[in-house]
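> Before I ask anything, here is the structure I am working with.
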Amino acid sequence: MRLDKFISSCTGLTRSQATKVIRQGRVGVNGEPCKQGATQLKADATITLDDEPLALTGPRYLVLHKPAGYVCSSDDPEHPTVMMLLDEPALESLNPVGRLDLDTTGLLLITDDGQWLHRITSPKHHVAKTYRVWLADPIPADAAVQFAEGVLLRGEKDLTLPAELEVIAEREALLTIHEGRYHQVKRMFAAVGNKVVRLHREKIGDFQLPEDLAEGEYRLLTEQEKYQLQTVQK
Ligand code: URA
């Protein structure tokens with residue numbers, strides 16, 4: 001990763017403040033002063049600020065706008081992974097918070113805080129996830145009632161938990177679910193005789209995918225956003 005990015009990740013300085021301390025000659029790379037913020041760091045580089053060694057401290061919480069074509073895992077033999085979109089130190093300690101399908105786009109959280117990850121993904125907590133869904137066929141008139149009552153997914157014994165469907169157009173809707181079964185949204189629409197042609201996650205609890213985050217971009221969560229997700233809505 002870049003030196004300026006590393007300095008801001010470790011110190012909490014903004015990118016421009018980090019650039020300033022680098023230009024001031026206060027940063028060392030492997031014992032030598034380095035004034036180029038764009039310097040690419042090797043994984044084993046030793047970085048100092050005012051002669052004090054720097055290391056990452058505290059857990060990290062990221063929000064990524066996942067593009068289609070990326071797998072939510074750290075390793076995949078066939079497809080690029082969402083981790084490849086991150087320019088972060090100690091990448092191996094970061095994990096996606098839950099999974100989105102290869103072709104699903106939208107809100108993906110990533111963290112190295114296992115407890116926080118568990119709080120959001122645990123089936124016990126029933127955290128709400130809202131998806132924008134585009135469908136092959138018109139949405140059946142009774143779909144909202146069926147989803148509110150629960151539907152039986154192919155190969156399963158238990159009805160889905162009550163879910164809220166807001167119809168936006170003939171073939172477009174927002175669906176909020178409170179569990180995370182395998183391919184759940186696609187299988188729920190299959191259960192009412194329809195087919196999902198595009199799927200985009202917009203929200204987890206009340207936390208919305210930031211509008212200024214283009215596909216493939218990510219940023220750190222703010223303190224307020226972290227708090228919002230800690231007290232996530234069911
Ligand atoms: N439901 C699905 O079917 N796919 C996703 O990626 C997320 C929820």
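Values quoted throughout were computed directly from the atomic coordinates according to the rules given, and no laboratory measurement underlies them. These numbers come from a predicted model, not from an experiment.
> For the stretch 128-204, build the convex hull from the C-alpha positions and give me its volume per residue in Å³.
Hull volume over Cα atoms, normalised by residue count, gives 76 Å³.
> Once Rh is set to the Kirkwood radius over Cα pairs, what Stokes-Einstein translational diffusion coefficient, in µm²/s, holds for the stretch 3-54 at a temperature of 20 °C and a viscosity of 1.002 mPa s?
204
> How far is the Cα center of the stretch 123-177 from the Cα center of the stretch 16-30, in Å?
51
> Between their Cα atoms, which of K124/K186; K35/K66; K20/K203; K20/K66 are more than 29 Å away from each other?
Those over the limit are K35/K66; K20/K203; K20/K66.
> Considering the stretch 175-234, what Rg and Dmax in Å follow from its alpha-carbon atoms?
14.3, 43
> Could you compute Rg(Cα) / (2.2 N^0.38 Å) for the chain, with N its residue count?
Rounded to two decimals, the normalised Rg is 1.21.
> Tell me what the chain gives for mean residue ellipticity at 222 nm when only DSSP H runs of n ≥ 4 count, each as -39,500 (n - 2.57), the sum divided by the residue total, rounded to 500 deg cm²/dmol.
Computed ellipticity for the chain at 222 nm equals -5500 deg cm²/dmol.
> Once all Cα-Cα distances of the stretch 30-71 are split into 10 Å bins that start at 0, what whole-number percent is in each one?
It works out to 19, 36, 28, 16, 2, in whole percents.
> Which value, in Å to one decimal place, does the Kirkwood hydrodynamic radius take for the stretch 1-99 when every pair of different Cα atoms is included?
By the Kirkwood definition, the hydrodynamic radius is 14.8 Å.
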